[in-house]
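Colleague: Mind having a look at this structure? Questions to follow.
The values are calculated or read from the model by the stated rules, or taken from the named source; none is laboratory data. Given the structure is predicted, the values throughout are model-derived calculations rather than measurements. Ideal geometry is used to build each Cβ from the backbone, glycine not excepted, and the neighbour counts take in all protein chains shown.
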Amino acid sequence: MNSDTRGLDLVPATAADYRELARRRLPRHLFDYMDGAAYDEVTAGENLRGFQRLTLRQRVLRDVSSLKLSTRVLGQELAMPVVLAPIGIAGAFARRAEVQAARAAEAAGIPFCESTVSICSIEEVRAATKAPFWYQLYVMRDRGFARELMQRAQAAACPVLVLTVDLAVMGARYRDIRNGMAGRLGPGGKLRKAWDLLSHPGWLLDVGIHGKPLTFGNLTRAVPDARSLPEFKAWVDSQFDPAVTWKDIAWVRENWPGKVVLKGVLDVEDARQAADVGADGIVISNHGGRQLDGVESAIAALPRIADAVGDRIELLMDGGVRSGLDVVKALALGARACMIGRAWGYAVAARGEAGVAHVLATMRKEMEVALALTGVTDVGALDSNALLG
């Protein structure tokens, strides 16, 4: 029995269920790329445990017959306080996955954020959707190419630029090293990888055959072949700029007329700096634990940052958000909205657009239940009173 047919009796109800389905469906190196994190993956685990340690305060006998999940984030009306975070090479997990996820987000009334290193290009996502989506950009050495990407995003009417600022250097992701995603395979590695691909025929047919072209749609001038991982890694290593400082945000402002959000802020002083340089928002994030292991979870950093700058700048957070209950907890601690990454990545890998739509519908229902049973009728009214301790 191959790995595509084991456990088909599993009916997914949660993001964890979709993770299991994705694990069964994807070749090992692709699942590990999405699921893995830096070094010993302690911080990635702490992102989840941080939410588990928070306790909601249940209240009763309140009129909760009308609940409001809609909110306004960065000038945009959202049906609920959730944004699909950028995921690199998502189109390798499912056929044209970025398009599928963007469609699911559009149907749910929330934004999708396109990654610089997506398989589907900005233009492909734009042609497949009507609602505006956000665009994520790395701070690159090649400023001319970065400017070109921003111009393409502007032409696609993207209203928000999410600038990733926690990649001055690349963290070591040991799963990727072991399976050849971030280095050469060991003896027999190519044969094992070939067998891994062949033993996942559902993925092979969906992505490897029908999902072409498997090129980095936004980077074709720089990295023509997505299957050439060493070429991609060499380009990435050449573009991350450890010399970038807060002064460079002014250059981004000069070239981007819309909202600017800095993703990867975890420290109060950095949050203050972000507000000082005129960022419209920040994403409190440790990159899903994929950069520096041993740092605190984003949910632990959130209340201090909210106390320091919550009245000056819009706060989003990501890292460990797997349910609507997590979203409610984050909003109670000061976030305006949450970005979800792995939750939609698992879902699209397992069931495509329908999987992403299901995860979002489940999160919405979970938020409604959490609001009703904490006695809060509007997500905009959530505060620390919704939590114990």
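Colleague: Can you name every residue in segment 280-328 that is free of Cβ contacts under 8 Å to residues at least 12 places away in the same chain and among the basic types (Lys, Arg)? Walk me through how you get there before you give the answer.
Modeller: So in segment 280-328, the residues free of Cβ contacts under 8 Å to residues at least 12 places away in the same chain come out as 311.
Within segment 280-328, no residue meets the criteria.
Colleague: Of the residues in segment 145-161, how many are in a loop (DSSP other than H, G, I, E, B) and crowded, with 20+ Cβ neighbours inside 10 Å? Before the answer, list the steps.
Modeller: Here is the first cut: in segment 145-161, the ones in a loop (DSSP other than H, G, I, E, B) are 156-159.
Still in the list and also crowded, with 20+ Cβ neighbours inside 10 Å: 158.
Of the residues in that region, 1 qualify.
Colleague: Counting only residues that are in a helix (DSSP H, G or I) and over 20 Å from the mean Cα position of the chain (by Cα), how many does segment 272-314 have? Please lay out each step first, then the result.
Modeller: Kept after step one, since they are in a helix (DSSP H, G or I), are these residues of segment 272-314: 272-276, 287-289, 298-309.
Cutting the leftovers down to over 20 Å from the mean Cα position of the chain (by Cα) gives us 272-276, 303-309.
Count: 12.
Colleague: Please find, within segment 252-296, the residue that is surrounded by the most Cβ atoms within 10 Å (Cβ to Cβ) out of those that are of a type in the set (S, T, N, Q) and in contact with a Gly (Cβ under 8 Å, 6 or more places away or on another chain). Give the steps one after another, and end with the answer.
Modeller: Of the residues in segment 252-296, the ones of a type in the set (S, T, N, Q) are 255, 273, 285-286, 291.
Narrowing further to those that are in contact with a Gly (Cβ under 8 Å, 6 or more places away or on another chain): 285-286, 291.
On the way: Ser285: 26, Asn286: 30, Gln291: 23.
Looking at residues that are of a type in the set (S, T, N, Q) and in contact with a Gly (Cβ under 8 Å, 6 or more places away or on another chain), I get Asn286.
Colleague: What are the pairs, 6+ residues apart or on separate chains, where a residue within segment 197-213 that is within 14 Å of His29 (Cα to Cα) has its Cβ under 8 Å from a residue that is assigned to a loop (DSSP other than H, G, I, E, B) and hydroxyl-bearing (Ser, Thr, Tyr)?
Modeller: As it stands, the answer is Ser199/Ser3; His200/Ser3, since those pairs meet every condition given.
Colleague: May I ask you to list the residues in segment 60-97 that are without any contact (Cβ under 8 Å) to a residue 60 or more places away in the chain and either in contact with a Cys (Cβ under 9 Å, 6 or more places away or on another chain) or acidic (Asp, Glu) (or both)?
Modeller: Hit for segment 60-97 is Glu77, nothing else.
Okay, residues lined up against (1) modelled with pLDDT of 85 or more; (2) not in a loop (DSSP other than H, G, I, E, B):
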{"site": "Leu163", "(1), (2)": "yes, yes"}
{"site": "Trp195", "(1), (2)": "yes, yes"}
{"site": "Asn218", "(1), (2)": "yes, no"}
{"site": "Ala226", "(1), (2)": "no, no"}
{"site": "Ala234", "(1), (2)": "no, yes"}
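Colleague: Restricting to segment 239-259, name every residue that is of a type outside the set (Val, Ile, Thr) and part of a loop (DSSP other than H, G, I, E, B). Spell out how you get there, then give the answer.
Modeller: Our first condition is that a residue be of a type outside the set (Val, Ile, Thr); within segment 239-259, this holds for 239-243, 246-248, 250-251, 253-259.
Those that are of a type outside the set (Val, Ile, Thr) and part of a loop (DSSP other than H, G, I, E, B): Asp241, Pro242, Ala243, Trp246, Lys247, Trp256, Pro257, Gly258.
Colleague: Can you say whether Ala194 is crowded, with 16+ Cβ neighbours inside 10 Å and without any contact (Cβ under 8 Å) to a residue 60 or more places away in the chain, as far as the supplied structure shows?
Modeller: Numbers: crowded, with 16+ Cβ neighbours inside 10 Å: no; without any contact (Cβ under 8 Å) to a residue 60 or more places away in the chain: yes.
Taking the combined requirement at face value, the residue does not satisfy it.
Colleague: Moving on to the next point. If you go through segment 338-379 one residue at a time, how many are of a type in the set (Gly, Ala, Ser), surrounded by 15 or more Cβ atoms within 10 Å (Cβ to Cβ) and closer than 14 Å to Leu69 by Cβ?
Modeller: First pass over segment 338-379, keeping only residues of a type in the set (Gly, Ala, Ser): 341, 343, 345, 347, 349-350, 352, 354-355, 357, 361, 370, 372, 375.
Still in the list and also surrounded by 15 or more Cβ atoms within 10 Å (Cβ to Cβ): 341, 343, 345, 347, 349-350, 352, 355, 357, 370, 372, 375.
With the extra rule that they be closer than 14 Å to Leu69 by Cβ, the set shrinks to 370, 372.
Looking only at that region, the number is 2.
Colleague: Does segment 167-182 contain any residue that is crowded, with 19+ Cβ neighbours inside 10 Å, closer than 21 Å to Leu315 by Cα and not β-branched (Val, Ile, Thr)?
Modeller: Looking for residues that are crowded, with 19+ Cβ neighbours inside 10 Å, closer than 21 Å to Leu315 by Cα and not β-branched (Val, Ile, Thr), one finds at least one in segment 167-182, hence yes.
Colleague: Let me ask you something else. Would you confirm, using the coordinates I've provided, whether Ala335 is of a type outside the set (S, T, N, Q), in contact (Cβ under 8 Å) with a residue 60 or more places away in the chain, closer than 28 Å to Glu98 by Cβ and outside any helix (DSSP H, G or I)?
Modeller: Details: of a type outside the set (S, T, N, Q): yes; in contact (Cβ under 8 Å) with a residue 60 or more places away in the chain: yes; closer than 28 Å to Glu98 by Cβ: yes; outside any helix (DSSP H, G or I): yes.
Yes; evaluated as a whole, the condition is true for this residue.
Colleague: Tell me, which strands (runs of 3 or more DSSP E) wholly within segment 70-109 include 1 or more residues that are surrounded by 24 or more Cβ atoms within 10 Å (Cβ to Cβ), touching a Lys or Arg at 6+ places or on another chain (Cβ under 9 Å) and not charged (D, E, K, R)? Please lay out each step first, then the result.
Modeller: On the way: elements: 71-73, 76-78, 82-84.
So the answer is 82-84.
Colleague: Does Asp318 meet the test of being crowded, with 23+ Cβ neighbours inside 10 Å, in contact with a strand residue (DSSP E or B) (Cβ under 9 Å, 6 or more places away or on another chain), among the charged types (D, E, K, R) and at negative phi? Can you show your working first?
Modeller: Details: crowded, with 23+ Cβ neighbours inside 10 Å: yes; in contact with a strand residue (DSSP E or B) (Cβ under 9 Å, 6 or more places away or on another chain): yes; among the charged types (D, E, K, R): yes; at negative phi: yes.
Spelling it out, Asp318 is indeed crowded, with 23+ Cβ neighbours inside 10 Å, in contact with a strand residue (DSSP E or B) (Cβ under 9 Å, 6 or more places away or on another chain), among the charged types (D, E, K, R) and at negative phi.
Colleague: Please give the number of the condition Val64 fails out of (1) touching a Ser or Thr at 6+ places or on another chain (Cβ under 7 Å); (2) part of a helix (DSSP H, G or I); (3) under 30 Å from Asn385 (Cβ atoms); (4) not acidic (Asp, Glu).
Modeller: (2)
Colleague: Let me ask something additional. Can you tell me which residue among Ala332, Ala349 is closer than 23 Å to Arg49 by Cα, among the small types (Gly, Ala, Ser) and touching a Leu at 6+ places or on another chain (Cβ under 6 Å)?
Modeller: On the way: Ala349 fails: closer than 23 Å to Arg49 by Cα.
None of the others qualify; the one that does is Ala332.
Colleague: Of (1) surrounded by fewer than 21 Cβ atoms within 10 Å (Cβ to Cβ); (2) touching a helix residue (DSSP H, G or I) at 6+ places or on another chain (Cβ under 7 Å); (3) more than 19 Å from Gly341 (Cβ to Cβ), Pro27 satisfies all except one. Which?
Modeller: (1)
Colleague: Could you grab me the full set of residues in segment 296-322 that are under 14 Å from Arg49 (Cβ atoms) and in contact with a helix residue (DSSP H, G or I) (Cβ under 6 Å, 6 or more places away or on another chain)?
Modeller: Ser297, Ile299, Ala300, Gly319, Gly320, Arg322
Colleague: Of the residues in segment 321-337, how many are of a type in the set (Gly, Ala, Ser), surrounded by fewer than 24 Cβ atoms within 10 Å (Cβ to Cβ) and within 18 Å of Cys113 (Cβ to Cβ)?
Modeller: The number of residues fulfilling the criteria is 0.
Colleague: Every residue in segment 124-144 that is touching a residue at least 40 places away in the same chain (Cβ under 8 Å) and surrounded by fewer than 16 Cβ atoms within 10 Å (Cβ to Cβ), please.
Modeller: Across segment 124-144, the qualifying residues are Arg141, Asp142, Arg143.
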